[in-house]
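Everything below concerns the one structure shown next.
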Amino acid sequence: MALTRRRLEVIDPDLCVGCMSCMFACSRRFGDSGLNYSAIRIRSVGGVERGFTVVVCRACDAPSCVKVCPTSALKLRGGGGVTLDSRLCIGCGYCVQACPFGAVFWDEVEGKPIICTHCGYCVDFCPYGVIKVM
Amino acid sequence: MPLADEQLARVLYVDLTNRRYRVRRREDLFSKYLGGTGVAVQILKEELDPKADPLSPENVVVMAIGVFTAVYPAASKLVAMFKSPLTGNLGESHAGGRAALSLRMSGFGALVIRGASDTPIYLSVHDGRVEFKDASALWGVRSSLTIGKVLREREPWPGLRSIMRIGRAGERLVRYASVILETYRHFGRLGLGAVWGSKRLKALVLGGKRAIPVADVRGYREAYKQAFEGCLRSPATRKYHELGTAENVIPLNEIGGLPTRNLRSARFEGAELISGERFAQESLARRIACAHCPIACIHIASIRELYPGERYFYVTRHISYDYEPIYALGSMLGVSELEGVLKLIEQVDILGLDAISSGVALAWVTEAFERGELSERETLVKPEWGDWRTYLRILELIVEQPNDFYKLLAQGTEKAAERYGGSDYALTFGGNEMPGYHTGPASHIGYLIGLRHSHLDNAGYSLDQKYLGRAYPDPEALVDELVEEECWRQVLTSLVLCLFVRGVYKPEMISRALRPLGIEMSEEELRDLGREIYREKLRLKMEMGFDPSELRLPRRVLETPSPHGRIEEDYVRRALDRYRSLANSLT
C-alpha cells in the first residue's frame, strides 16, 4: 500500500511579502531563535519589487541529494522527502551542491545539512497563505 | 544578569581613518539597557566629544539593535545615533528593512563608526568579519539605486543581508541627506547621509546567519505566538497593512490637519487625488514587509512611462510611498497628481535626500519666491505650487549647489531663511523640518520638545486627535503627558520594536516576552528604565548644546487654524515653561 504523501507546497509565491516569519518558525522548532536551523528560505527575485521566491524541499521522487550522499546519511522518507541520519553525516556538503533548487540548507553550528521534514510548523506562521501542507 | 545570547553584547568599533576595527564585549550595556536607544546613548557618551563638528572625522555614528531583534516579530528597527549636521544636536534615526536582522545575524549587537577615510570606501560585515573595500568608482554615481544593484551582485548572503548606501546628496554633504536601505527603507531624518558622506563612507553591507539561544524554549514559543498573533490580528496594526500609513491623508484632511502649501492651509482640495485609497487603486504594485514583521506595511507603487519619441517603448519603475512623503512632496507643495508625487519621491531616493526636509524646504522656497524674498537669480527656476517638474529640478540643484543660495538651502530651511528672510514661515523645529501633522498644540509642542524632534517621539498628533471634541488639557498637563509617553517609547526603541506595534507590546507583554530570554523585569522596572534612558538622552543632548530656553514655534503654526482652532501663543509659552522646569529637574 502506498504511503500518503505529506509535503509542504508553495501555493502562491505572489502572495509572499517577504516577512520571513516562516523561516524563523522553522528555526524555532529546534528551540533557538535566529535563522540557523531554517529549512526554508525566502529571497527576492532580484529586488523585492519583483516579488519573492520560496525555496523549500520539493520532496522529489528521485532526489539528487540522496544520490550524492557518500555515507547514506540521507535516505528516502516514506511519504515524500528525505531524512537525515546525522550520526552518519560527515558534513561533506555534496547534498547542498546537488539540490537544483538550493533547498538543502546548512547548519553553521554543526556543519551539517538542514533537511525539511515537511512538518508544516511554518505554515501556521505564514500570514498570507503562501505555503500549505498537502 | 548574563544574556542568553552572548553575541548580542559584541560591539564592533570601526575606525575609518586607519581602516582598523576591534570588538569589545559590552554585557554591561546590553543587560542594563536592552539595546537600541538605551545602548546607543551610552556608547555615544563614551565615544563622542559633544562639541565635535558633525561633519568632521570626530563625529561618531552608533548603530544598535536589542534583545528582541531576530527573536520576536516586529523588533525590526535599527537605531542610528550621531551628531546631526542639520540641527547641530543629537541625531537619532530609525530604519526598518533588513538592517536590524542582518546586524544580529552578522554577530554583533552594535556598530560604532568613527574617523574618516581619505578615499571613498564601503564596509562589508559578515560572519564576524569586517572588510574595508574601495568605493571610488561608486562615488558620484547618479543614482543611489544603482549602488544597491551593484553591491547586490558583489556581496554575499542574498536574502539575509542589508545594503545601506548614500546618494549624491550625502556625498555633497546636504545636511538632510539620508541613508537608503534595501531601496525602500531609510535612515531619513537629521542627515545621517551627510555624516557618512563626510566620512567618505558610501555603503555598508551586513549579512549572516546564526542561531540565537534562549533560556526557556517553551516559554519563548508561547510568548512568540502571542506577539505574532497580536501583530497580525490587532486592530491597532490593521491600517498599516491594508492601505498603509497613506490611509492618514483623508482623515487628516477632513479634520483640517493636513499641512498644505507651506501650511498656509490645513486642508488640501487635492487630498482625494493623493489619498491612500487612490494610490492603492491606481498604482499599488506590491506590499512587502520588513524582515521578521508579519504586518507588511511597505507599499510599493509602479509607474509606467512611455518614452518620448519612441512608439511602444515603455519603462516600469517602482517607488515606495508612505504618508510622510505624500504630505511633504504632495499637499505641502500643492501637488495633486499621483505621478508627480511618485516622481518626487523617486527623485529624493535617487539623490539620497530626506523626503520630509526636502518637501518643507521646497515649500518655503515657493512661498519666499511668491513673496519676492527670492528671485530667479537665486532659485534659477520659477517654483510654483503644484509644478512638480520644476520641483524635480530644484531637488537636483540642492545637491549640485551651483550658487550661494543653494549652498545655504543644502544646510536646511532654517539656515536659508535666516539669510533670505521668511523665518516666520520656515516650518522648522529646532532646525528640523516639520512632519505632516497640524492637528493641534500637542503635535507642534511635541516636535519642539521631542528629543529627536520627530512626531514619533511622543505622538503629540495622536493626543490632539484623542482630545478632539473633548476638553483639551492645560499646557502643563499636556507636557507631562507628552514626556511620559516619550519616556515609555525609550523602552520600545531600546528593544527596537517598530512603533506601529506599540499597541501589541504593552508593558505586560514586554515583561512576559523578556522572561524566556532570561531577563526578569517588571512593568514598573521597565517604566523606570524608560525614564532613565530619557534622562540620559536629554543630558547628552544638552551637552551637545540643546537649550530648552531657545525653543520657538514658527509663526505660521499659530496663524493657520488647526482642528482645535488657532493655537494660542500663550498656551505654547506655558507649555514650554513647564517643559523647561521639567528638563531642569531631570538633568
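The values are calculated or read from the model by the stated rules, or taken from the named source; none is laboratory data. As the structure is a prediction and not an experimental result, all values here were calculated from the model. So basically every Cβ, Gly included, is an ideal-geometry build from the backbone, and we count neighbours across all protein chains shown. What goes into the accessible areas is simple: the full protein's heavy atoms, side chains included, and nothing from ligands, DNA or RNA. Shrake-Rupley method; radii C 1.70, N 1.55, O 1.52, S 1.80 Å.
Our estimate of slack between B:ARG129 and B:ARG264, defined as 0.36 nm per intervening residue step minus the Cα-Cα distance, is 43.3 nm.
Ordering B:GLY412, B:CYS231, B:LEU427 by the projection of their Cα atoms onto the charge dipole of chain B, which places +1 on the Cβ of Lys and Arg and -1 on the Cβ of Asp and Glu, puts B:CYS231 at the extreme positive end. With each label modelled as a point 7 angstrom along the Cα→C-beta vector, the B:GLU242-A:GLU110 pair spans 4.5 nm. Placing +1 on each Lys and Arg Cβ and -1 on each Asp and Glu Cβ, with no other charges, gives chain B a dipole about its Cα centre of roughly 1820 debye. Here chain B exposes an accessible surface that is 46 percent carbon and sulfur, computed with a 1.4 Å probe and the other protein chains kept in place. Phi-derived couplings, Karplus 6.51 cos²θ - 1.76 cosθ + 1.60 at θ = phi - 60°, listed residue by residue for the range A:94-99: 4, 4, 4, 5, 6, 5 Hz, with x used for Gly and Pro.
Per-residue 3J(HN,Hα) values for the range B:81-94, derived from phi via the Karplus relation 6.51 cos²θ - 1.76 cosθ + 1.60 with θ = phi - 60°, read 10, 6, 8, 7, x, 7, 9, x, 10, 4, x, 9, 9, 10 Hz in sequence order (x marks Gly and Pro). Using a probe radius of 1.4 angstrom, the carbon and sulfur fraction of the accessible surface of the range A:90-134 is 56%. With the Cα gyration tensor of the range A:5-56 giving a ≥ b ≥ c as the square roots of its eigenvalues, does the rule (a/c under 1.5 for rounded; else a/b larger than b/c for prolate; else oblate) give rounded, prolate or oblate? The shape class here is oblate. Local charge for B:LEU252 was computed over the other residues whose Cβ lies under 11 Å away, with Lys and Arg +1 and Asp and Glu -1, and equals -2. Once you reduce the range A:61-86 and the range A:92-134 to the center of their Cα atoms, the two points are 13 Å from each other.
One decimal place: the segment B:GLU543-B:GLU6 gains 190.1 nm when fully extended, by the rule 0.36 nm per residue minus the C-alpha distance. If you take the Cα centroid of the range B:1-79 and the Cα centroid of the range B:500-516, the two points sit 22 Å apart. Modelled spin labels at B:THR119 and B:VAL23, positioned 7 Å past Cα toward Cβ, are 2.9 nm from each other. Between A:GLU9 and A:LYS132, A:VAL133, A:MET134, the built amide H atoms are under 5 Å apart, and every one of these is 5 or more places off in sequence or on another chain. In this rough spin-label picture, where each label sits 7 Å from Cα along the Cβ direction, the B:LYS32-B:GLU229 distance is 3.8 nm. With contacts defined as alpha carbon pairs under 8 Å and 6 or more residues apart, what's the relative contact order of chain B in percent? Across chain B, relative contact order equals 16 percent. Whole-Hz Karplus values for the range B:570-587 come out as 5, 4, 5, 4, 5, 4, 5, 4, 4, 5, 4, 5, 4, 4, 5, 6, 8, 10 Hz, taken residue by residue from phi with 6.51 cos²θ - 1.76 cosθ + 1.60 and θ = phi - 60°; glycine and proline positions read x.
Note: relative contact order over the range A:1-60, using C-alpha pairs below 8 Å and six or more positions apart, is 33 percent. If R0 is 51 Å, the Cβ-Cβ spacing of A:TYR121 and B:ASP15 corresponds to a FRET efficiency of close to 0.70. Legend: mean number of C-beta atoms from other chains within 10 angstrom of residue C-beta atoms, peptide A:36-46, equals 3. The length gained on full extension between B:THR146 and B:ARG419, counted as 0.36 nm times the residue separation minus their Cα-Cα distance, comes to 94.7 nm. Given a cut-off of 25 Å, name the pairs among B:LYS199/B:LYS407; B:LYS77/B:LYS199; B:LYS45/B:LYS77; B:LYS32/B:LYS466; A:LYS112/B:LYS133 whose C-alpha atoms lie farther apart than that in the structure shown. Too far apart for the 25 Å limit: B:LYS32/B:LYS466; A:LYS112/B:LYS133. Distant-in-sequence amide contacts of B:ALA116, defined by a placed amide H-H separation under 5 Å and a gap of 5 or more residues or a different chain, comprise B:LEU16, B:THR17.
Which net charge results for the neighbourhood of B:GLY436, defined as the other residues with beta-carbon distances under 12 angstrom from its beta-carbon, given Lys and Arg at +1 and Asp and Glu at -1?
Surrounding charge for B:GLY436 is -3.
Can you give the accessible area per residue of chain B, in Å², using a 1.4 Å probe? Intermediate values should be presented prior to the final figure.
On the way: 19730 Å² over 587 residues.
Value returned for chain B: 34 Å² of accessible area per residue.
Between the alpha-carbon centres of the range B:120-199 and the range B:282-334 there is a gap of 21 Å.
How big is the charge dipole of the range A:64-134 about its Cα centre, in debye rounded to the nearest 20, if each Lys and Arg gets +1 on its Cβ and each Asp and Glu gets -1 on its Cβ?
Values: 6 positive and 5 negative charges, 59 e Å.
I would put it at about 280 debye.
Calculated mean residue ellipticity at 222 nm for the protein assembly as shown: -10500 deg cm²/dmol, from DSSP H runs with n ≥ 4 weighted as -39500 (n - 2.57), summed, divided by the residue count and rounded to 500. Label reach from B:SER136 (point 7 Å along Cα→C-beta): in the range B:2-21, amide nitrogens under 20 Å belong to B:16-20.
Can you give the FRET efficiency to the nearest 0.05 for B:GLU569 and A:PHE30, using r as the Cβ-Cβ distance and R₀ = 60 Å? The calculated FRET efficiency here is 0.45.
Here the convex hull built on the C-alpha positions of the protein assembly as shown has a volume of 164 cubic angstrom per residue. Buried surface between chains B and A: roughly 2900 Å² of accessible area, summed over both sides, computed with a 1.4 Å probe on protein heavy atoms only.
Think of each Lys and Arg Cβ as +1 and each Asp and Glu Cβ as -1; about the Cα centre, that makes the dipole of chain A roughly 360 debye. Only Cα pairs under 8 Å and 6+ residues apart enter the sum, and on that basis the relative contact order of chain A stands at 33 percent.
Taking other residues whose beta carbon is less than 15 angstrom from the beta carbon of B:SER265, and scoring Lys, Arg as +1 and Asp, Glu as -1, yields 0. Interface burial in the range B:205-245 reaches 20 Å² or more for B:LYS209, B:ARG210, B:ALA211, B:ILE212, B:VAL217, B:TYR220, B:ARG221, B:TYR224, B:LYS225, B:PHE228, B:LEU232, comparing the full protein assembly with the chain by itself; accessible area from heavy atoms with a 1.4 Å probe.
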